[in-house]
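**Q** Okay, handing you the structure first.
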Amino acid sequence: MKIILRQDMDDLGLEGDIVHVADGYARNYLLPKGIALEANKQNIKFMETQRKKIEIKRLNAKEDAEKIKERLADVVITISQKAGEEEKLYGSVTSMDIATHLEKEGITVDRRKISLDKPIKTLGEFKVPVKLYPQVTGSIKVVVVPEE
């Protein structure tokens with residue numbers, strides 16, 4: 001089924017794109033939640049009239065993402081956790097912990113944008129990528145130290 005996206009989706013495309021998805025995915029998820037419209041003549045004409053607004057919104061969002069990327073380059077987050085022998089943590093450092101520390105620094109980033117493959121479970125320095133916008137990825141330096 002062909003649909004028109006009404007918002008950006010990482011795995012499908014950007015707002016205003018016409019994409020082909022499985023019928024069930026469109027009928028049961030995308031259309032009821034208002035994420036997409038069915039790609040018929042009327043909806044395609046409507047999206048064409050909205051095209052300029054969408055382009056301006058994309059440019060502004062990309063510029064904001066670039067500014068945040070520049071701020072993230074200078075940020076070093078230090079997280080103290082209880083650690084045992086061989087520098088292993090009793091718990092772990094997750095994307096939620098990193099997002100909380102970023103908010104304390106005055107930078108608001110959705111925790112789902114922080115790309116940790118798996119939680120950090122050892123002491124040390126780590127480069128953590130943050131996907132701010134399609135084609136705009138910053139990185140944060142995270143230092144995990146033992147709690148005293």
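**Q** Given the conditions (1) closer than 20 Å to GLU148 by Cβ; (2) at pLDDT 90 or above, and given that GLU86 satisfies all but one, which numbered condition is not satisfied?
**A** Going through the list (1) closer than 20 Å to GLU148 by Cβ; (2) at pLDDT 90 or above, GLU86 breaks only (2).
**Q** Determine if the range 135-147 includes at least one residue that is touching a strand residue (DSSP E or B) at 6+ places or on another chain (Cβ under 6 Å), surrounded by fewer than 18 Cβ atoms within 10 Å (Cβ to Cβ) and of a type in the set (A, V, I, L, M).
**A** yes
**Q** Another question, then. Just to be sure before I move on: is THR49 of a type outside the set (A, V, I, L, M, F, W, C) and under 15 Å from ILE4 (Cβ atoms) in the structure I sent?
**A** yes
**Q** Just to verify a result, which residue in the range 45-72, among those that are touching a Gly at 6+ places or on another chain (Cβ under 7 Å) and basic (Lys, Arg), is farthest from GLU103 (Cα to Cα)?
**A** Checking each candidate, the answer is ARG51.
**Q** In addition: Looking at THR94, THR78, THR49 in this structure, which one is surrounded by fewer than 14 Cβ atoms within 10 Å (Cβ to Cβ), in contact with a helix residue (DSSP H, G or I) (Cβ under 9 Å, 6 or more places away or on another chain), at pLDDT 85 or above and of a type outside the set (A, V, I, L, M, F, W, C)?
**A** THR78
Each row is one residue, and each column tells you yes or no for (1) within 30 Å of LYS57 (Cβ to Cβ); (2) in contact (Cβ under 8 Å) with a residue 40 or more places away in the chain.
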| position | (1), (2) |
| --- | --- |
| VAL76 | no, yes |
| TYR90 | no, no |
| THR94 | no, no |
| ASP97 | no, no |
| LYS104 | yes, no |
| SER115 | yes, no |
| PRO119 | no, no |
| LYS127 | no, no |
| THR137 | yes, yes |
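**Q** Oh, and also: Take the range 28-46 and flag every residue that is more than 23 Å from VAL109 (Cβ to Cβ) and surrounded by 15 or more Cβ atoms within 10 Å (Cβ to Cβ).
**A** LEU30, LEU31, ALA36, LEU37, GLU38, ALA39, ASN43
**Q** Mind listing just one residue for me: the one in the range 118-128 that is outside any loop (DSSP other than H, G, I, E, B) and among the charged types (D, E, K, R) and, of those, farthest from SER139 (Cα to Cα)?
**A** Only one residue tops the list, namely LYS121.
**Q** Take LEU12 and decide whether it is touching a residue at least 24 places away in the same chain (Cβ under 8 Å) and either under 25 Å from the mean Cα position of the chain (by Cα) or within 30 Å of GLU125 (Cα to Cα) (or both).
**A** no
**Q** What number of residues within the range 52-63 satisfy the criterion of being more than 14 Å from ASP17 (Cβ to Cβ) and either surrounded by 15 or more Cβ atoms within 10 Å (Cβ to Cβ) or touching a residue at least 40 places away in the same chain (Cβ under 8 Å) (or both)?
**A** Residues meeting the conditions: 2.
The values are calculated or read from the model by the stated rules, or taken from the named source; none is laboratory data. Given the structure is predicted, the values throughout are model-derived calculations rather than measurements. With ideal geometry, Cβ positions are generated from the backbone for all residues, glycine too; neighbour counts draw on all protein chains shown.
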